[in-house]
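Here is the structure we will look at, set down as structure tokens.
The values are calculated or read from the model by the stated rules, or taken from the named source; none is laboratory data. None of the values given here were measured: they were computed from a predicted structure. Methodologically, a virtual Cβ is constructed for each residue, glycine included, from the backbone with ideal geometry; neighbour enumeration extends over all protein chains shown. Keep in mind that these areas ignore ligands, DNA and RNA; they rest on the heavy atoms of the full protein, side chains included. Shrake-Rupley method; radii C 1.70, N 1.55, O 1.52, S 1.80 Å.
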Amino acid sequence: ATQAAEDAQFAAFLAKFNWTKGPAEAVLGDVGGIKVPEGFMLADPADTKKLMRAYGNIVSDKEIGLLAPHSLDWFIVFEFGAVGYVKDDEKNDLDSSKMLDSIKRGTEHANEQRASSGAAPLNIIGWELEPRFNDETKLLEWSIRAESGGHQILNHNTRILGRSGVLEVALVVEPGVIKKTLPTFYSLLEGYSFKEGQKYAEYTEGDPIAKYGLAALIVGGAAVGAAKLGLFAWLALTFKKLWK
């Protein structure tokens, strides 16, 4: 097919989904909202799940949106974990080498699941960005580099703490362009805010407290999501080739 015909087919594929195109203010789940700038589009929770399933991803039922540039060269998946208020008392004691060991062990377990579904194993190479916590914005972030089926994989993970749970944000991008993409990613995140009453600082005595802290958000998130992380990255590499 000619490039023009492929572009037309790709546009027809995108038209099947109910995108909120920027500039717009959009709702993200029940707890927050985000600004969608010019040149970007946001899928609602139902369409996010459809997009994830269409490309063989594991769907968790926590998905609340997928934000991407119109080209879909990379994308951001938003999920919300209603786990309660996560205390940040581990913020100065994040042991990255210990956490990496736990993640590798969790990935070995996830690889058994991947094998049973015919997917290539996911091999953890190491930190691309060691975990760090911004006390002012209550934002935790880290990146892990991995390899699967001969492809380098990189997911940049962000967690923003709220009063009733955690906004989970995964930037899915080809490793070669992550440095170029991160400034745009950060500016998009600045457009997110929890609704009044849902902010971390609005915690009230008696609110449900999460059963774990910051380290478990990193290790648990990576271990549980290892199968999905691999697929996310594979999807990023082949998004445009697969829609046909």
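Tabulated data
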| item | result |
| --- | --- |
| Lys49, Lys98, reordered so the largest accessible area comes first (probe 1.4 Å) | Lys98, Lys49 |
| Cα-projected label distance for Lys16 with Glu38, points at 7 Å along beta-carbon direction, nm | 3.1 |
| Net dipole in debye of the range 22-152 [+1 Lys, Arg Cβ; -1 Asp, Glu Cβ; about Cα centre; nearest 20] | 420 |
| Residue-wise HN-Hα coupling along the range 127-135, computed from phi with Karplus coefficients 6.51, -1.76, 1.60 (Hz; x: Gly, Pro) | 6, 8, 9, 5, x, 9, 10, 9, 5 |
| Residue-by-residue Karplus 3J(HN,Hα) for the range 152-167, coefficients 6.51, -1.76, 1.60, Hz, glycine and proline x | 6, 10, 9, 10, 9, 9, 10, 10, 10, 7, x, 5, 10, x, 10, 7 |
| Length added when fully stretched, Thr184-Trp127, from 0.36 nm per residue minus Cα-Cα | 18.4 nm |
| Most to least packed among 162-172, 2-12 [average Cβ atoms within 10 Å] | 162-172, 2-12 |
| Flagged links, alpha-carbon separation over 23 Å, of Lys138/Lys211; Lys21/Lys195; Lys21/Lys49; Lys62/Lys179; Lys91/Lys180 | Lys62/Lys179; Lys91/Lys180 |
| Over the range 1-150, equivalent-ellipsoid semi-axes from the Cα gyration tensor in Å | 31, 23, 15 |
| Highest average packing first - 101-107, 132-138, Cβ atoms within 10 Å | 101-107, 132-138 |
| Hydrodynamic radius by Kirkwood, which averages 1/r over all alpha carbon pairs of the range 76-227, in angstrom | 16.3 |
| Area accessible to solvent at His151, 1.4 Å probe radius, in Å² | 90 |
| Alpha carbon convex hull of the range 139-187, volume per residue in cubic angstrom | 74 |
| Phi-based couplings in Hz for the range 198-205 (Karplus 6.51, -1.76, 1.60; Gly and Pro marked x) | 10, 6, 4, 5, 8, 3, 10, 3 |
